[in-house]
Every structure is written in structure tokens, then in C-alpha cells.
1. With (1) hydrophobic (A, V, I, L, M, F, W, C); (2) part of a loop (DSSP other than H, G, I, E, B); (3) touching an Asp or Glu at 6+ places or on another chain (Cβ under 7 Å) as the list, and Leu171 as the residue in question, which single condition is left unmet?
2. Taking the stretch 195-230 only, how many residues are open to solvent by 50 Å² or more (accessible area, probe 1.4 Å) and aromatic (Phe, Trp, Tyr)?
3. Looking only at the stretch 351-376, how many residues end up being among the hydrophobic types (A, V, I, L, M, F, W, C), open to solvent by 10 Å² or more (accessible area, probe 1.4 Å) and either assigned by TED's automatic domain parsing to the domain that holds Thr170 or modelled with pLDDT of 95 or more (or both)?
4. With respect to Leu133, determine if the residue is crowded, with 19+ Cβ neighbours inside 10 Å, closer than 25 Å to Tyr274 by Cα and not basic (Lys, Arg).
5. Which ones in the stretch 273-290 are closer than 14 Å to Glu315 by Cβ and of a type in the set (Asp, Glu)?
6. Mind listing whichever residues of the stretch 349-397 are among the β-branched types (Val, Ile, Thr) and under 26 Å from the mean Cα position of the chain (by Cα)?
7. Please verify whether Met259 is touching a residue at least 40 places away in the same chain (Cβ under 8 Å), touching a helix residue (DSSP H, G or I) at 6+ places or on another chain (Cβ under 9 Å), under 22 Å from Val418 (Cα atoms) and assigned by TED's automatic domain parsing to the domain that holds Thr433, treating the condition exactly as stated.
8. Filtering the stretch 298-318 down to residues that are among the hydroxyl-bearing types (Ser, Thr, Tyr), outside any strand (DSSP E or B) and surrounded by fewer than 24 Cβ atoms within 10 Å (Cβ to Cβ), which residue is farthest from the chain's Cα centre (by Cα)?
Amino acid sequence: MTDLEPILAAAHRLGAQQAEVFAVETEETPVRFEANRLKEINARQTSGVALRVIVDGRIGFASSTKPGDVAELVTAAIETAPFGPEAHLDFPKDGQAPAVDVFDAAVESLPVDDMVHAGQSLIDAVRREEPELLCDAYVRRGSSTVTIANSNGGNFNYRATGYSAWVHGTLIRGTDMLFVGDGDASCRPVLDFEGVEKSVISQLENSRRTAEVHTSEMPVIFTPNGVASALIGPLTMAFSGRLVHQAQSPLVGCLGKGMYDLRFSLVDDATLSYRPGARPFDDEGVASRRVPLIEKGTVRSFLYDLQTAGLAKSESTGSAERSLAAQPSISTSCLIIDEGETSFEEMVRNIKTGLVVEELMGAGQGNVIGGDFSGNVLLGYKIEDGEITGRVKDTMVAGNVHEALKRIATIGSETRWVGGSMRTPALAFEALTVSAK
């Protein structure tokens, strides 16, 4: 790892009142399958350093992937400061951080042959259900080291590992195209392959037949994958401290107010061990914490990084995320929606005519900041007389997530991790706008 102290010292010599260095080293080995066959095994390493400086009250920024390139990095950061935003932050000093285990050495030593076998087994399992399926898959192992040092004496360092596997299948019959898929991720070399297989096979079974829906308002169930693809983006955007401060969030002035169904709770928790997205501190060195966003329908907190917290006269929630090429921004870590009391089967049985959404494509259309979502149903099923009767085609779903969460019909009793960093049950809504050709 690059020694960060010379960078801080050089920044001070050139006039920076404060400076912060963010350094990352990553190693990863992805195994890719294409059209049911092994396509590529690769290994790559990357490293780089980003520098933020505060000069005369303004923020300068530069980054480099050239080791030892101290003079050029510091000069570039100093020169951008006059054109940067006004600084409303102080870099954190050393402090207590929770013990969050996100490193498992067994991931780094995981044999590539085992990864190849895992990927091929996923493909074989779903193709036994549908031999005509064309599958792409990947299995990835990786590790990273994050180091942050600043001129206030803050020094932060942690290592993390990641292991993930995904399978996506396409079935083409004439002009009809079916897309199915699922995956899992963890910081440990243990994944729920059985759950992934079961999920994809269930998607195939529910898609054996096609069914038509008509344009109308109707009950809609979002599976955990559906919640992640359609609802969580416009919902969590409203909790951005930056948008709240700029009066662009629909939740301005709603802190402490009941805005959603009393059964609905949402937490952002970066302290969960071995979860992708968890960490002992964020990308500015602020200690991680559990942040209740919605508690029994009531808005409890917004998410802040150091800069937006300073602007809003609040404090950082440890929600800063960054890449080497960009300054920190607000991001969620591990999202958890509390489970309810109704099984998925009961949710379906309770609906006479409705829709199940497994994945929505293009949900980021419309006034996303205001909570609107609208997109094509990439994978979804019709409910008729309490049963799933087939896959729908040429169908769109639209609504406003904040309004919909006031009118929840039922919340599923089973939760599952989606993408490794969001745990959610299925959510059923009384009525959303469904459009069909």
C-alpha cells in the first residue's frame, strides 16, 4: 500500500489547510460462462489513490493510479480547489468503530476449479428444468484493502472479501423472449446455491404459459427481486440528506411523522458482519452504524456524508461511498425491510385478479426524486382467482412508492437477501396502475 503520509505532508506544504487521502487496492478473479459454456477465467489487480484538500475554504480533488506520483497528484488537487465547492466539513479524527467482520481469508484461497464447478452446476440445475435455456453465469471472488488518512490525525484501514454467483437464462421461441435469473453474494465462501436454483426454477414454472392482463388499477405483489428492481431506488433517494437539504425530497419536514403503513419498517445497517456493503467505517472514516430510516411507518432519519451533514447542520450517518474517480456521495449499505405475517402463497390466494412483479425494467423513468416508478414488466405473472396462471407480456406498472407504501395490503412472512446487501420480503399493494397492449 502506498505510504499516505508524504501526500498529506506535500498537500500541507502547498497550502492546504486540511487534506484527506483515500487509497484502495483490489484483487478479483471472475469466472464467466456464456451460452452454457465456460467463457473466461481472469484475474486482475487495481490500486489507486484519491486526494481531497481544503484550500481557503474550498474543496479540491484529484486521483491517480500511478504509484509514487505524489507531486502531480497534490498539484492537481490544489489547482482544482478554487473551482471546487465551498467546504462544510472537517475530516474525522481517530475514533471508535464497531467490530464489523467483512474479511474471510478462505475466499482468497478458494480454488478456481471450485468456482468453475459452482457456475456449471448452477447452469446444469436450471437447464434440467428447461433444456432449451441459454444461460450466462459468473462466479467471482475478490478482496480489497481500504486505507484513509487525513491531516486531523485520522487513520483508518480495513480489508474485505467478496464471493458472488449469478445465473441468467434466456429462452427464445419465435418472437417470444423469456428472461430468468438470480444470484447471491457474501463476504464468505458460502452461498445459497440451492436458493438461487429454486428461485430460477420457480420463475420457469410460473412462465410455462402466458396470460393477458387488461389496463386497469389492480392489486400488485412485488417479490423480493421486484422490490429491489422497482421500489427501493425511488424510496431511498428521498432519504438522501443532500436532497432533503436542497428541498427536493418529498420527505422535507417529515422527520418524526408517520408517512407510511404502520407495519412498514426500513433500516440501513452497515454493521452486519459478512454482508456486502457492510464495513467498520465509511469511505470518509466515519464509524458505521445502524440507521433506522422508517420505523413502523414513521420517518426516523436521513442519510448524510460529511459535506451534506455540514450543510444541514446535522452529523454524518457514516453513509459516504466513493470511487477513486469521484468525491464521496451518499449511499445505502445493507438495507433491511421487516417481514410481515403472510406467506407468499397466501398473498396470491387473497387476490382475485392481479399481478406478480418479479423484475421491472426501466423503473427509473418519470419523477424518480418524487418517488415515481414506471417500467416494463421484464418478468411477471398474472393472478386469477387466487392462482398464478401464466407470464404476462407487453405490460407496464406505474405508481408512486411513497403513496403505495401508505396502502400496503400485506407484507410477506419470508425475507431473503437480494444482491447480498438487501433483505426484503414480498410486498403486496392494494392497487397500482397496470397498462397492457
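1. Looking at each condition in turn, Leu171 falls short on (2).
2. Selection size over the stretch 195-230: 0.
3. Result for the stretch 351-376: 1.
4. No, not satisfied.
5. Asp282, Glu284
6. Listed by number, the residues that qualify are Val356, Val357, Val368, Ile369, Val377, Thr395, Val397.
7. Answer is no for this residue.
8. Only one residue tops the list, namely Ser314.
The values are calculated or read from the model by the stated rules, or taken from the named source; none is laboratory data. A quick note: this is a predicted structure, and the numbers were derived from the prediction, not measured. Heads up, the Cβs are rebuilt from the backbone with ideal geometry, glycines too, and the neighbour counts pull from every protein chain shown. Note: areas computed on protein heavy atoms with side chains; ligands, DNA, RNA excluded. Shrake-Rupley method; radii C 1.70, N 1.55, O 1.52, S 1.80 Å.
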